[in-house]
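K.L.:
The following block contains the structure, expressed as structure tokens.
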Amino acid sequence: MAHIALVTLVVDDYDEAIRFYTEAAGFRLVEDEPRPDGSRWVVVRPGGEGAGTGLLLARAKGDAQRARIGDQTGGRVGFFLHTDDFARDHARMLAAGVTFLEEPRHEAYGSVAVFRDPYGNRWDLLQPATA
């Protein structure tokens with residue numbers, strides 16, 4: 001069975017992105033390898049033990065890619081970070097300085113709040129409702 005292994009997220013600095021995703025968003029760094037062209041292969045995955053989809057943090061090359069940093073989805077929420085404990089992760093992320101764009105909401109589908117990464121990408125922190 002096929003699955004999406006990685007999604008590329010264009011960033012302007014590898015180390016800044018690694019710090020945000022590991023220290024503030026709770027991801028874990030799973031790969032950070034230099035490439036012959038001077039770039040790096042940097043992969044982070046949400047915490048936990050599953051082999052879910054990871055982010056390939058790709059440093060922008062050239063003006064066209066730099067122009068896309070933070071606007072890869074046209075201003076929409078483009079990324080959805082599921083949690084099994086919304087209150088815990090929301091509080092931890094707030095304490096780590098993550099910018100939430102709204103107060104938590106409790107919808108029929110679960111508890112959710114939109115946050116922004118350092119580049120302007122919008123994310124949902126979401127604890128799905130149990131069936």
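The values are calculated or read from the model by the stated rules, or taken from the named source; none is laboratory data. Just so it is clear, the model here is predicted, and its values are computed rather than measured. Don't worry about glycine lacking a Cβ; one is built from the backbone with ideal geometry, like all the others, and counts go over all protein chains shown. Protein only, heavy atoms only, side chains kept; ligands, DNA and RNA dropped before computing areas. Shrake-Rupley method; radii C 1.70, N 1.55, O 1.52, S 1.80 Å.
K.L.:
Under 8 Å for C-alpha pairs, at least 6 residues apart: give me the relative contact order for region 2-117, rounded to a whole percent.
P.N.:
Numbers: 154 pairs, mean separation 27.9, N = 116.
For region 2-117, the relative contact order is 24 percent.
K.L.:
Report Rg(Cα)/(2.2 N^0.38 Å) for the chain, keeping two decimals. Don't skip to the answer; put the middle values down first.
P.N.:
Working: Rg = 15.1 Å, N = 131, 2.2 N^0.38 = 14.0 Å.
For the chain, the normalised Cα radius of gyration comes out at 1.07.
K.L.:
So, one more: Between rounded, prolate and oblate, where does region 45-117 land on the alpha carbon gyration tensor, with a ≥ b ≥ c its root eigenvalues, rounded for a/c under 1.5, else prolate if a/b exceeds b/c? Intermediate results must be reported in sequence, preceding the final value.
P.N.:
Values: a/c = 2.04, a/b = 1.57, b/c = 1.29.
It is prolate, given that a/c is not under 1.5 and a/b is the larger ratio.
K.L.:
Next up: In the Gaussian network model of the chain, springs joining C-alpha atoms below 10 Å, which of Asp89, Asp63, Asp117 carries the largest mean-square fluctuation?
P.N.:
Comparing Asp89, Asp63, Asp117 in the GNM, the peak value goes to Asp63.
K.L.:
May I ask you to order 12-24, 99-111 by the average number of other C-beta atoms within 10 Å around their residues, highest value first?
P.N.:
With the highest mean Cβ count within 10 Å placed first, the list reads 12-24, 99-111.
K.L.:
Next up: Dipole size in debye (nearest 20) for the chain around its Cα centre, Lys and Arg Cβ +1, Asp and Glu Cβ -1? Could you put the intermediate results ahead of the total?
P.N.:
Values: 15 positive and 20 negative charges, 45 e Å.
Approximately 220 debye in magnitude.
K.L.:
Right, here's the next one. What is the local net charge at Gly74, summed over the other residues whose Cβ is closer than 15 Å to its Cβ (Lys, Arg +1; Asp, Glu -1)? Write down the numbers at each step before the final one.
P.N.:
Values: positive: Arg68, Arg76, Arg116, Arg122; negative: Asp71.
Within the 15 Å Cβ shell, the charges total +3.
K.L.:
Over the chain, give the accessible area per residue in Å² for a 1.4 Å probe, as an integer.
P.N.:
Values: 7690 Å² over 131 residues.
Dividing the accessible area of the chain by its residue count gives 59 Å².
K.L.:
If you build a Gaussian network model of the chain, linking Cα atoms that sit under 10 Å apart, which residue out of Val30, Val98, Val42 swings the most?
P.N.:
In the Gaussian network model the winner is Val30.
K.L.:
On to the next question. Specify whether the C-alpha gyration tensor of region 26-84 places it in the rounded, prolate or oblate class, a ≥ b ≥ c being the square roots of the eigenvalues: rounded for a/c under 1.5, otherwise prolate if a/b is larger than b/c and oblate if not.
P.N.:
oblate
K.L.:
Under the Karplus relation 6.51 cos²θ - 1.76 cosθ + 1.60, θ = phi - 60°, what is the ordered set of whole-Hz ³J(HN,Hα) values for region 7-17, x standing for Gly and Pro?
P.N.:
10, 7, 10, 7, 10, 9, 8, 4, 5, 4, 5
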